[in-house]
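No lab work stands behind these numbers, since they all come straight from the coordinates. Computed from a predicted structure; not experimentally measured. Neighbour counts are summed over all protein chains in view; Cβ atoms, including those assigned to glycine, are modelled from backbone coordinates with ideal geometry.
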Amino acid sequence: MNSTGTHTEQALKDLFAQHFRIGAAVNPRTIRSQELLLAHHFNSITAENEMKFVSVHPEEGVYTFEDADLLADFAGRHQMAMRGHTLVWHNQTPDWLFEDSQGRPAGKALLLERLRSHIDTVVGRYKGRLYAWDVVNEVIADEGDALLRPSKWLDIAGPEFIARAFEYAHDADPEALLFYNDYNESHPAKRDKIYALVKSLLEQGAPIHGIGLQAHWNLFDPSLDDIRAAIEKYASLGLQLQLTELDVSVFRFDDRRADLTSPEPGMLERQAELYEGVFGLLKEYHDVISGVTFWGAADDYTWLDGFPVRGRKNWPMLFDAQHRPKPAYDRIAALFAE
Ligand code: GLA
């Protein structure tokens, strides 16, 4: 970037042109505050929150698409691809969905009919503009032997809601690529459960085309070996993979310090090494990886400033708060310029 704010560094989308799409999560504020950065480097976007159930369908029969449309229009204006996120999740989903008109728990048939109608409306609206959807997000249990996380979806409909969601999405847009998306996806125990779920979906004939590795990582976890093993295991199902929410926190997950106002010496260098290792793997496995999306674009705006410690600054991206390339960008650019 030069002093007028024009980006002169090589565009990520050009560096990765032969390998995969490069994306960023955006919202109605960042498409303005980060517009030059986004337009220069990225050829794909994901709505950070604006296409989630509660955002587009807060009440029965009431759809609110203003913010989602704004982002889809931004993608169109900048010739960017767009991923849809997300249709079925245990968070950011309104209570009315799980209740009947008397406020009692909804029955299975009612819940599945509402799901079908929601997916039909939302996926149908963006048909031809969004090329992929995270159909089901985070249904795997983190701990213990249980495969599925407890949820109202599971209580009411049993495990069947997962396959049904993929079928409804496929009916609404037969061209869209449909993904299962989850976090801690490279930890061996959870990886094996995700693998088991997706394998069973394939055996049931569900229309699923890919696995989204959220990739909310940090300087200490997961290891590159575990990431490699996860890529290999998921790819063995014959599906395409995408990193859907990549960021590299500078803090260990259980490090709850809140006093740093700038990165400690060495942190950004370690981050650069890790990003280089990650993108080395992505380059090696690019045949099975069709997209890499960051959960944000630059360090001026990241959800990690509020999680897991509210108000603690983090520096997880390739670009700093002024949108200048960080050491991690330089390493990746050198790797792909080879
Ligand atoms: C999960 C969800 C995303 C987002 C992030 C953090 O990974 O899939 O939509 O909410 O958490 O903000």
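Normalised by the number of residues in the stretch 172-239, the mean separation of alpha-carbon contacts (under 8 Å, six or more apart) gives a relative contact order of 44 percent.
Going from the fewest other Cβ atoms within 10 Å to the most, the residues TRP295, TRP303, TRP133 appear in the order TRP303, TRP295, TRP133. Under the criterion of Cα pairs below 8 Å and six or more residues apart, the relative contact order for the chain equals 17 percent. Summarising the strand pairing of the chain, around 10 percent of its internal DSSP beta bridges are antiparallel. In the stretch 212-338, what percentage of the DSSP-assigned beta bridges are antiparallel, given to the nearest 5? Percentage antiparallel, nearest 5: 20. Between THR121 and ASP69, residue separation times 0.36 nm minus the direct Cα-Cα distance comes to 17.4 nm. In vacuo Debye scattering of the chain, one point per C-alpha: log10 I(q)/I(0) at q = 0.08, 0.12, 0.15 Å⁻¹? Debye intensities relative to I(0), on a log10 scale: -0.37, -0.85, -1.34. As a rough footprinting exposure proxy, the listed residues SER200, SER101 were ranked by other beta carbons within 10 Å of their own, and the order from fewest upward is SER101, SER200. Listed by chain and number, the lysines whose C-alpha is less than 20 Å from the C-alpha of LYS127, apart from same-chain residues fewer than 8 away, are LYS52. Each Cα pair under 8 Å and six or more residues apart adds its separation to the average, and for the stretch 168-292 the resulting relative contact order is 26 percent.
Straight-line cross-link reach from LYS233 at under 25 Å between alpha-carbon atoms covers these lysines, not counting any fewer than eight positions away in the same chain: LYS190, LYS193, LYS199, LYS283. Against the chain, whose longest principal axis is taken from its Cα atoms, helix 267-284 shows a tilt of about 60°. Spatial offset of the stretch 9-23 relative to the stretch 307-330 amounts to 20 Å, using the alpha carbon center of each. For the chain, the longest principal axis of the alpha carbon atoms and the long axis of helix 327-337 meet at an angle near 90°. Relative to the first principal axis of the alpha-carbon coordinates of the chain, what is the inclination of helix 160-172, with its axis defined by its Cα atoms, in degrees from 0 to 90 and to the nearest 10? Tilt of helix 160-172: around 80 degrees.
Listed by Cβ neighbour count within 10 Å, with the fewest neighbours leading, ARG324, ARG21 appear as ARG324, ARG21. Available extension along the chain between ALA189 and ALA258 is 21.8 nm, counting 0.36 nm per residue and deducting the alpha carbon span. Amide H contacts for ILE45 (H built 1.01 Å from N in the peptide plane; partners 5 or more residues away or on another chain; cut-off under 5 Å): ALA24, ALA81, MET82, ARG83.
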